[in-house]
Amino acid sequence: MNQITTPAIRLFVICFVCALCLGLCSEITKEPIAAQTKKTQDEAMAAVLPDATFETVEDFESTGNTVTGVNVGKDSSGNTMGFVVSCTTSSFGGPLEMMVGVDPTGTVTGVRILSHSDTPGLGAKATEPEFYEQFTGMSGTLAVDKDGGQVVSITSSTITSRAVTVGVNDAIAWVTENGGAY
Amino acid sequence: MNKNIRVLIDGIIFNNPVLIQVVGMCATLATSVSVINGVGMGLSTTAVLVCANIVVSMLRKFIPDTVRIPCFIVVIASFTTIVQLLLQAYLPAINDALGIFIPLIVVNCILLARAEGFASKNGVVASFFDGLGNGLGFTALLAVMGAIREFLGSGTVLGMAIMPEAFPETLLMVMAPGAFFTLGILMAIFKHLIAGKGQSEEE
């Protein structure tokens, strides 16, 4: 009996202490992580639609199923400068979160990738300016070069390039359909 | 003290975790795409390895033989999670670059191999040096592989372009086959160089 209970009790003690440490660590890092996430989002919003103050649109109507949130950007006198649309699309390694700035006419003002799970050195190149800057100024329905479109895809990472393009398309579509109401 | 330095050098060179023990292959092949990725992964692994080795060594008389593997894994997984939380909170840049590789530290064989093969049989100080040596050996190898693959694959080292634009980028080198080629060649050269020199004390 002792041969079974002693190891079981000791394993339990080790697990219990580890769980306590993890809980403590999670508590300590909770606030810095939340602050980091918010900072990343604020920076991304400011980058895709400069000089605007943002208001979150509470009950937006999603046109594509990738749109997860919309912020209206207004200038100092309250006129609508554009929209920052958050999208989550499905990419090579999992979900890809991005923010797309679109002006009221449906032209892209900027794109930033917030998080992704793609391969470093390949799909992860979507986070580099060389790739995402090309979307600035584009409008209409976009497609990557392999599909006959105007988006220059990342070498060996067509799936990631498509994922970003889908998000940009949905963002433009949302603004074209609903933008007039704000 | 002399013995500890010997343990440290063993980990880095004569008993290098990747080149000699041939453990931790998955992480080696996946993260050696560039120098920065390799060093980041290496140092994160070193941090977990040192902590896990110390704790396993302290608990070596408490851990029952029959359930030692679950105990090691719980300790390793806890430290990995702690490292991930700390990186997310205080070093977001490294966390972004290494994202999905951090949780993979748990399944890196180096950690279990050192816990089972060294820390569970040796004192705390020796285990610290063993963890540090193996971690640094792993980091050094990842850095060298990262440099070779980054140079041949993208014409850059540490993200800086050092070859003219016309340099033919060998895409194969940043993809999986390039990792196998590089590792195989490095392993052959390394074994040739240290053949007959210095015997691991463990064997």
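Each reported figure results from applying straightforward, stated rules to the coordinates on display, with no laboratory input. All values derive from a computational prediction rather than experimental measurement. Here the Cβ is made from the backbone with ideal geometry for all residues, glycine too, and neighbour counts use every protein chain on show.
Please go through segment B:171-191 and give me each residue that is surrounded by 16 or more Cβ atoms within 10 Å (Cβ to Cβ), in a helix (DSSP H, G or I) and within 14 Å of chain A (Cβ to nearest Cβ), ordered by number. Step through it out loud before you land on a result.
Step one: list which residues in segment B:171-191 are surrounded by 16 or more Cβ atoms within 10 Å (Cβ to Cβ), which gives B:173-175, B:178-179, B:182-183, B:186-187, B:190.
If we keep only those that are in a helix (DSSP H, G or I) too, we end up with B:173-174, B:178-179, B:182-183, B:186-187, B:190.
Across segment B:171-191, the qualifying residues are B:M173, B:V174, B:G178, B:A179, B:T182.
On the basis of being facing chain B (nearest Cβ under 8 Å) and in contact with a Leu (Cβ under 7 Å, 6 or more places away or on another chain), does A:C18 make the cut? Spell out the reasoning first.
Details: facing chain B (nearest Cβ under 8 Å): yes; in contact with a Leu (Cβ under 7 Å, 6 or more places away or on another chain): no.
Judged against the criteria, A:C18 is not a match.
For segment B:109-120, indicate whether the set of residues that are basic (K, R) and within 14 Å of chain A (Cβ to nearest Cβ) is non-empty.
Filtering segment B:109-120 down to residues basic (K, R) leaves B:114.
Going one step further and asking which of them are within 14 Å of chain A (Cβ to nearest Cβ), we end up with none.
No, because not a single residue in segment B:109-120 is basic (K, R) and within 14 Å of chain A (Cβ to nearest Cβ).
From the list A:G78, A:G82, A:G137, A:G106, which residue is on the phi > 0 side of the Ramachandran plot and out of contact with any strand residue (DSSP E or B) (no Cβ under 7 Å at 6 or more places or on another chain)? Even if it seems obvious, please write down each step before you answer.
Values: A:G82 fails: out of contact with any strand residue (DSSP E or B) (no Cβ under 7 Å at 6 or more places or on another chain); A:G137 fails: out of contact with any strand residue (DSSP E or B) (no Cβ under 7 Å at 6 or more places or on another chain); A:G106 fails: out of contact with any strand residue (DSSP E or B) (no Cβ under 7 Å at 6 or more places or on another chain).
The unique qualifying residue is A:G78.
If you take the residues of segment A:21-43 that are hydroxyl-bearing (S, T, Y) and at the interface with chain B (Cβ under 8 Å from one of its Cβ atoms), which of them is farthest from B:R60 (Cα to Cα)? Even if it seems obvious, please write down each step before you answer.
The first filter runs over segment A:21-43 and keeps only residues hydroxyl-bearing (S, T, Y), leaving A:26, A:29, A:37, A:40.
Filter once more, keeping what is at the interface with chain B (Cβ under 8 Å from one of its Cβ atoms): A:26, A:29, A:40.
On the way: A:S26: 27, A:T29: 30, A:T40: 43 Å.
Out of the qualifying residues, it is A:T40.
Among the residues of segment A:99-142, write down those that are of a type in the set (A, V, I, L, M, F, W, C) and within 14 Å of another protein chain (Cβ to nearest Cβ). It would help to see each step written out before you state the result.
Narrowing segment A:99-142 to residues of a type in the set (A, V, I, L, M, F, W, C): A:99-100, A:102, A:108, A:111, A:113-114, A:122, A:124, A:126, A:131, A:135, A:138, A:142.
Of everything in segment A:99-142, those that are of a type in the set (A, V, I, L, M, F, W, C) and within 14 Å of another protein chain (Cβ to nearest Cβ) turn out to be A:I113, A:L114, A:L122, A:A124, A:A126.
For segment B:22-31, check the following and say yes or no: at least one residue is under 17 Å from B:L183 (Cβ atoms), touching a residue at least 12 places away in the same chain (Cβ under 8 Å) and facing chain A (nearest Cβ under 10 Å).
Within segment B:22-31 (the criterion being under 17 Å from B:L183 (Cβ atoms), touching a residue at least 12 places away in the same chain (Cβ under 8 Å) and facing chain A (nearest Cβ under 10 Å)), the answer is yes, since at least one residue qualifies.
Taking the stated definitions as given, is A:T66 of a type in the set (V, I, T) and more than 15 Å from A:S86 (Cβ to Cβ)?
Working: of a type in the set (V, I, T): yes; more than 15 Å from A:S86 (Cβ to Cβ): no.
No.
Output the strands (runs of 3 or more DSSP E) that fall wholly within segment A:44-144 and possess 3 or more residues being crowded, with 18+ Cβ neighbours inside 10 Å, or say none.
Values: elements: A:53-57, A:67-74, A:80-91, A:94-102, A:108-115.
Counting at least 3 such residues, we get A:67-74, A:80-91, A:94-102, A:108-115.
Of the numbered conditions (1) surrounded by 20 or more Cβ atoms within 10 Å (Cβ to Cβ); (2) facing another protein chain (nearest Cβ under 9 Å), B:Q88 fails exactly one; give the number of that condition.
The number of the failed condition is (1).
Given the options B:I73, B:I54, B:I13, name the one that is without any contact (Cβ under 8 Å) to a residue 60 or more places away in the chain and more than 30 Å from A:L114 (Cβ to Cβ).
Details: B:I54 fails: without any contact (Cβ under 8 Å) to a residue 60 or more places away in the chain; B:I13 fails: without any contact (Cβ under 8 Å) to a residue 60 or more places away in the chain.
After ruling out the rest, the residue left standing is B:I73.
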